[in-house]
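Below: the structure, in structure tokens.
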Amino acid sequence: MRPLVISSLATSSLATSSLATSSLATSSLALLTLLAASPAQGAIDTGTRTYVLIVANNHSLDKGVRPLRFADDDALRYYELFNLVSDQVELFTVVDNETARLNPKLARRARPPRKKAIFATLDRWNKEMKQLKARGQATELIFIYAGHGDVDKDGEGYVNLLQKKLWRRDLYQRILAPSQASYVHLIIDACKSYFLVNRRGGWKNDQAKTPKHDDLRAFLKNEELAAFPQAGVILATSGDQSTHEWQHYRSGILSHELRSALSGAADINGDGHVEYSEIHAFIAAANARVRHPEARLNIFAHPPAANRRRPLFDLRQARRARMLRFDRTLAGRFHLEDERGVRIADLHKAAGTRFDLAVSPGHSYYIHKGNHEARVRAGLQRVLVAQLAFRPSESTARSSSLDRTFRRDLYRIPFSRGFYEGFASRAGHIPVGGTTRDWVIDRPRSTRRHSLQLGYQTSGALLDLPGLNHGVEIGYGVALNSNLSLRATAELATSSHSIADNAFSLHRAALLLGAATHGSPLSWLGLRAEALVGYQGYFADGVMQVEGQRIEGSDPFGLRAEVAAGVRLSLTHPIFFDLRGGLAFELVTLTDKEEPHATGFVAAGAGLYLD
């Protein structure tokens, strides 16, 4: 192949181009230097990737045990709550017809709670978490169970799945021991067992001694929970070995109170982190005036020994949530229902505290206080509850003694800072910090490491010849962290020209390497800047005359550099769309010397995230 020979062409355009390319080359080198100096950590980001596995079963495999009514409802509400803050949530339950009518979309997502499917999901997640760990990224596993359980004649506890039981040994050997998560949280609302403590459902006497916290701690240590300092546990320990469901909540009492706490009502210092000590104190306050001996609910809250301040729910990660702000001026008993009539949360707020309650933005809500209510329409904006208009509402009373006990006694004590500090001290918790401070929801951090892209590019023709250069580009990217990635791009383009009755085409092939920096002001919108440099060859078809001078041949060994900025739209995973524009700098051999050339370009394309 021969160099591209262009003899005696007018050089005014080249002189103009060389001035532009001088500044372009400087900008390109500066951007590449800046990107190279960025801290390219082994992790994709420094945030925590959260996996939540929810299992619920209304039925027991044991003869004579009455089915539960609302374990499946609890599972779906846990899903709605944790989906606001988590990266992956899996739901294993059989949804009854009544619950399916209230939650048709979630009912379709639910899978039967089969032991094999549950462990297969955990195995798949462990492989992902192992890869993330190798890159330095923290991960978190939350395992939630609601349903029936018991203890066999040898003292081994279990809970009921579909057709099989999940035993205590499964908990340690199949969930805790192989877990690759930085932290594991277990939430168990189930019948009596020592790691899955207490019965839900009927009010019968279990003919078992009431476990004391000291005995429970000793048992858990014997079962080697101490060997898993990254694990935290929340269990119910009601006095009669039973935790209960309530028709008014359509939920287990523990699960409803726990979700109320997690959604933000327990955030006593308003920092956006809901910790074990706050959850424990919130539920203690809610039950402090319950006098019915069978209805009193206590919980065992054991935070991870590796970090006793580790939050179980991080409101700052609630990127898909709507926040209801309860300011310091508000006080009293509140409960929240959505337009379906589903009870979302209950709380008794003390004056002087401030917190946000995270809810799904897809529903409208009714906030009740006494005999008054205020409506909150669906949307994303933060709502200041103190500014809402509360109007009289109708309420219906229930007649059972247990219903009257729950209505009268639950949430009698306001959850105040003083109550929290006293309870945390008695329970041996490390208390949260003392200053309420404003916080913002963290922007999403990309965990998508590899991507492929196909696009179209157009730019000015070589050496300012009339017409445009059109072509395709294929790109590959690998993320080093949430703000820096490496890129490789192959480009093929053609421009066609007809001058002085002579027609010819110039074909361009390029292979470029470089880096991109990026950020995401919105979950679906990314802003990007990149710099690429590498090989480029020009190949000519045909011969033309320009002002009597002959143009022919090829330049197979040229240079191309690009600097660009643009946007990336990620509307549906794993597909994304890119649009960018910038300047390209070329070095092309003209007779015996290289001439610089600068031109603008625009590119648009679509791609796939590969992980």
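Looking at region 88-135, which of the residues that are charged (D, E, K, R) and in contact with a helix residue (DSSP H, G or I) (Cβ under 7 Å, 6 or more places away or on another chain) is most open to solvent (accessible area, probe 1.4 Å)? Can you show your working first?
We begin by selecting, within region 88-135, every residue charged (D, E, K, R); these are 90, 96, 98, 101, 105, 108-109, 111, 114-116, 123-124, 127-128, 130, 133, 135.
Going one step further and asking which of them are in contact with a helix residue (DSSP H, G or I) (Cβ under 7 Å, 6 or more places away or on another chain), we end up with 90, 96, 111.
Working: Glu90: 43, Asp96: 53, Arg111: 86 Å².
Ranking the candidates gives Arg111 first.
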Qualifying positions in region 257-272 - more than 18 Å from the chain's Cα centre (by Cα) and either outside any helix (DSSP H, G or I) or aromatic (Phe, Trp, Tyr) (or both):
Ala266, Asp267, Ile268, Asn269, Gly270, Asp271
Which of (1) assigned to a strand (DSSP E or B); (2) within 23 Å of the chain's Cα centre (by Cα); (3) under 22 Å from Leu76 (Cβ atoms) is the odd one out, the single condition Gly362 does not satisfy?
(1)
Restricting to region 269-296, name every residue that is open to solvent by less than 10 Å² (accessible area, probe 1.4 Å) and in contact with a strand residue (DSSP E or B) (Cβ under 8 Å, 6 or more places away or on another chain).
Gly270, Gly272, Val274, Glu275, Tyr276, Ser277, Ile279, Ala281, Phe282, Ile283, Ala285, Ala286
Determine which single condition Leu525 fails, assuming it passes every other condition in (1) surrounded by 13 or more Cβ atoms within 10 Å (Cβ to Cβ); (2) more than 30 Å from Thr572 (Cβ to Cβ).
(2)
Where residues in region 337-347 are part of a strand (DSSP E or B) and open to solvent by 30 Å² or more (accessible area, probe 1.4 Å), which of them is farthest from Ala301 (Cα to Cα)?
Glu337
Within region 529-551, track down each residue that is open to solvent by 40 Å² or more (accessible area, probe 1.4 Å), closer than 22 Å to Ala488 by Cβ and either of a type in the set (Phe, Trp, Tyr) or modelled with pLDDT under 90 (or both).
Tyr535, Phe539
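Evaluate the following for Arg560: is it at pLDDT below 95 and surrounded by fewer than 21 Cβ atoms within 10 Å (Cβ to Cβ)? Spell out how you get there, then give the answer.
On the way: at pLDDT below 95: yes; surrounded by fewer than 21 Cβ atoms within 10 Å (Cβ to Cβ): no.
Here the answer is no, as Arg560 does not meet what is asked.
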The condition of being farther than 22 Å from Leu410 by Cα, out of contact with any Lys or Arg (no Cβ under 7 Å at 6 or more places or on another chain) and surrounded by 15 or more Cβ atoms within 10 Å (Cβ to Cβ) holds, among Arg319, Arg309, Arg377, only for Arg309
Exactly one condition in (1) among the charged types (D, E, K, R); (2) touching a helix residue (DSSP H, G or I) at 6+ places or on another chain (Cβ under 7 Å); (3) open to solvent by 30 Å² or more (accessible area, probe 1.4 Å) is false for Arg325; which is it?
(3)
When you scan region 415-433, how many residues do you find that are in contact with a strand residue (DSSP E or B) (Cβ under 9 Å, 6 or more places away or on another chain) and either assigned to a helix (DSSP H, G or I) or closer than 11 Å to Ala284 by Cα (or both)?
2
Of these, Leu513, Leu525, which one is more than 22 Å from Gly460 (Cα to Cα), out of contact with any Lys or Arg (no Cβ under 6 Å at 6 or more places or on another chain) and not acidic (Asp, Glu)?
Leu525
Number of positions in region 51-75 that are open to solvent by less than 20 Å² (accessible area, probe 1.4 Å), more than 14 Å from Ala190 (Cα to Cα) and modelled with pLDDT under 95:
1
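Determine whether Ser554 is modelled with pLDDT under 80 and closer than 30 Å to Gln88 by Cα.
On the way: modelled with pLDDT under 80: yes; closer than 30 Å to Gln88 by Cα: no.
Spelling it out, it is not the case that Ser554 is modelled with pLDDT under 80 and closer than 30 Å to Gln88 by Cα.
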Of the residues in region 154-166, those that are under 21 Å from Gly232 (Cβ atoms) and surrounded by fewer than 24 Cβ atoms within 10 Å (Cβ to Cβ) come to none
Residues of region 476-510 classified as within 19 Å of Thr458 (Cβ to Cβ) and open to solvent by 30 Å² or more (accessible area, probe 1.4 Å), total
6
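For Leu141, are the conditions met, namely being of a type in the set (A, V, I, L, M, F, W, C) and more than 26 Å from the chain's Cα centre (by Cα)?
Working: of a type in the set (A, V, I, L, M, F, W, C): yes; more than 26 Å from the chain's Cα centre (by Cα): no.
It is false that Leu141 is of a type in the set (A, V, I, L, M, F, W, C) and more than 26 Å from the chain's Cα centre (by Cα).
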What's the number of the condition Ala503 fails, among (1) out of contact with any Asp or Glu (no Cβ under 8 Å at 6 or more places or on another chain); (2) at pLDDT 80 or above?
(2)
Candidate set from region 575-590 (those that are open to solvent by less than 50 Å² (accessible area, probe 1.4 Å) and closer than 16 Å to Gly477 by Cβ); member that is nearest to the chain's Cα centre (by Cα):
Phe576
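The values are calculated or read from the model by the stated rules, or taken from the named source; none is laboratory data. Predicted, not measured: the structure shown is a model, and the values here were computed from it. Don't worry about glycine lacking a Cβ; one is built from the backbone with ideal geometry, like all the others, and counts go over all protein chains shown. All accessible areas refer to the heavy atoms of the entire protein, side chains included, with ligands and DNA or RNA removed. Shrake-Rupley method; radii C 1.70, N 1.55, O 1.52, S 1.80 Å.
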